[in-house]
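Every read-out reported here was derived from the displayed coordinates using simple, explicitly stated rules and does not represent laboratory data. No experiment lies behind these values; they were computed from the predicted model shown. Note that each Cβ is placed from the backbone with ideal geometry, even for glycine, and that neighbours are counted across all protein chains shown.
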Amino acid sequence: MSDNKTICYLCGKQIVEDGNEDHVPPKQFFGKELRRQLNPDLTTLHTHKKCNSSFQLDEEYFVASLMPLIQESESGRSIYNDVKRRYDRGKNVGLVSRVYEEFDSNPSGLILPNDKILKRFDRTRINRIIWKITRGLYYIENCLLLPEETNHKILYTFPGEEPPKWFVYLKGMKGKSNYPDVFDYLYLKETQDITGSIWVLLLWNQIITTTLFHDITCTCQRCIKKSSKKTNDNSPKRES
Ligand SMILES: [Zn+2]
Ligand SMILES: [Zn+2]
């Protein structure tokens, strides 16, 4: 990794042609009105066009599916206006109808304590975007690639819900984004008290996501065991 500029942060391979820039966080997290108002200066990372565009549909789904939950904030309403504007022009009609169908009384759904509405969402697609953003931020902060296959767990705190108990460790910490009302993040590295990294995103001042994983530089017994196993054995492994 002598020249970071030619490495795609998504697949870790060198970019020879087919280069592209990816905004971290995604540009569409800023509604059109806010983009005009703030003219946000977002960090971009190098990617292959193919790697980047493989996330495009999930990113659109991400915004449309979470949009109904974030309308209490100005940045969230700005997203709502974007989705509505596109819908009124006959675009994304299928996507919006699908999101509309996610509101129902399906018991496997998600309960929103505030208004007792059940909203399901495709967790695989939502998780995929959160993980991509986290990997992008990790690259920005550490200049290190976080491989997609790194084991991780993502937790969500929706409006009206209690944040996870380890939030006490974040007390007094300040978010790192220049546009905290739209998107903010902070992270805790491994310490004596905490095994693994904790990355917290705040989306549109309404949704908190917590992503837990072991740093690629982690030297805990489990990671050391895993990396030595990896070099000795190429068979597929499962986490216990
Ligand atoms: Zn790539
Ligand atoms: Zn570890």
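Using only helices, what value at 222 nm comes out for the chain when you add -39,500 (n - 2.57) per DSSP H run of length 4 or more and divide by the total residues, to the nearest 500 deg cm²/dmol?
Details: 7 runs with 79 residues, N = 240.
Helix contribution divided over all residues of the chain: -10000 deg cm²/dmol.
Of Lys153/Lys174; Lys174/Lys230; Lys32/Lys132; Lys13/Lys226, which sit over 27 Å apart, Cα to Cα?
Cα-Cα > 27 Å for Lys174/Lys230; rest within.
Can you list which of the trypsin sites (Lys or Arg not before Pro) found in the range 122-218 are DSSP loop residues with at most 10 other C-beta atoms within 10 Å?
Of the trypsin sites (Lys or Arg not before Pro), the ones in loops of the range 122-218 whose Cβ has at most 10 other Cβ atoms within 10 Å are Lys171, Lys174.
When we measure straight from the Cα of Lys119, which aspartates and glutamates land under 15 angstrom away, once same-chain ones fewer than 8 places off are left out?
Glu101, Glu102, Asp104, Glu161
Within 10 Å, at most 13 other Cβ atoms, and a DSSP state outside H, G, I, E, B define an exposed site. Report the longest part of the chain free of exposed GluC sites (Glu not before Pro).
Details: sites that count: Glu17, Glu72, Glu149, Glu239.
Value returned for the longest uninterrupted segment is 150-238.
Which value results when the Cα radius of gyration for the chain is divided by 2.2 N^0.38 Å?
Rg over 2.2 N^0.38 Å, computed on Cα atoms: 1.07.
In Å and whole numbers, how far do the C-alpha atoms of the range 147-232 stretch along each principal axis, longest first?
47, 26, 25
Charges at C-beta only: +1 for Lys and Arg, -1 for Asp and Glu. How large is the resulting dipole of the chain about its Cα centre, in Debye rounded to 20? Each step should come with its number before you reach the end.
Working: 36 positive and 31 negative charges, 77 e Å.
For this selection, approximately 360 debye.
In degrees between 0 and 90, to the nearest 10, how far off the longest principal axis of the chain does helix 74-88 point, with axes built from Cα atoms?
Relative to the chain, helix 74-88 is tipped by roughly 70 degrees.
Take the Cα of Arg85, step 7 Å along the line toward its Cβ, and report every residue of the range 21-50 whose backbone nitrogen sits under 17 Å from that point.
Answer for the range 21-50: 27-40.
Can you give the angle from 0 to 90° between the axis of helix 56-66 and the longest principal axis of the chain, with both taken from C-alpha atoms, to the nearest 10?
60
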